[in-house]
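First comes the structure, then the notes that go with it.
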Amino acid sequence: MVFELAYHWRKGRLPFKDINELMEFIDSYFTVLSFDKRDMFEASYIKVVGDSLLNRSTESSLKGRRLSVSDATSIALALKHRVPIITGDADLAYVARYMGVKIMWRRRLVSMKLRLILVILI
């Protein structure tokens with residue numbers, strides 16, 4: 001999501017020299033979509049289910065964790081558009097896999113060219 005990229009850039013975790021370079025990257029490699037009320041209802045359902053799954057997880061690193069709204073929205077849109085999610089986030093991957101979304105890990109991206117779906121929160 002655009003928010004996630006901007007947040008991590010502001011925290012110094014992404015190598016863009018300024019916001020214009022980050023925006024150019026987003027415009028070049030991502031398709032930005034809006035979403036509607038139905039998408040938000042689906043994301044809220046996924047958040048409730050995801051929180052329950054994480055709470056019941058047998059993996060100690062996930063037990064008691066909660067799915068973020070951003071992660072729930074990503075899963076909802078991946079399901080809607082039938083696309084994989086690229087992440088290294090354990091919470092997101094765990095719930096997305098349960099919901100039937102394919103996960104692609106970051107280390108596999110070096111040799112791949114992908115277009116991702118991002119969301120602009122309006």
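Ordered by the number of other Cβ atoms lying within 10 Å of each residue's own Cβ, fewest first, Glu21, Glu42, Glu59 fall into the sequence Glu59, Glu21, Glu42.
Equivalent-ellipsoid semi-axes (√(5λ), Cα gyration tensor) for the chain, whole Å, largest first?
On the way: eigenvalues 122, 58, 40 Å².
Semi-axes, largest first: 25, 17, 14 Å.
Computed from Cα positions, the angle between helix 69-81 and the longest principal axis of the chain comes to roughly 80 degrees. Packing around the peptides 88-94, 26-32, taken as the average count of other Cβ atoms within 10 Å per residue, puts them in this order, highest first: 88-94, 26-32.
Order of Ser70, Ser52 from fewest to most other C-beta atoms within 10 Å?
Neighbour counts put them in this order, fewest first: Ser52, Ser70.
Residues Ile103, Ile19, Ile46 in ascending order of nearby Cβ atoms (within 10 Å, fewest first): Ile19, Ile103, Ile46.
In percent, how large is the relative contact order of the chain, given Cα pairs closer than 8 Å and 6 or more residues apart?
32
Springs between Cα atoms under 10 Å define the GNM used for the chain, and in it the highest mean-square fluctuation of Lys80, Lys47, Lys11 occurs at Lys11.
Since every read-out is calculated from the coordinates, none of them should be taken as a lab result. Only a predicted model underlies this, so the values are computations on that prediction, with no experimental measurement involved. Cβ sites come from the backbone with ideal geometry, for glycine too, and all protein chains shown count toward neighbours.
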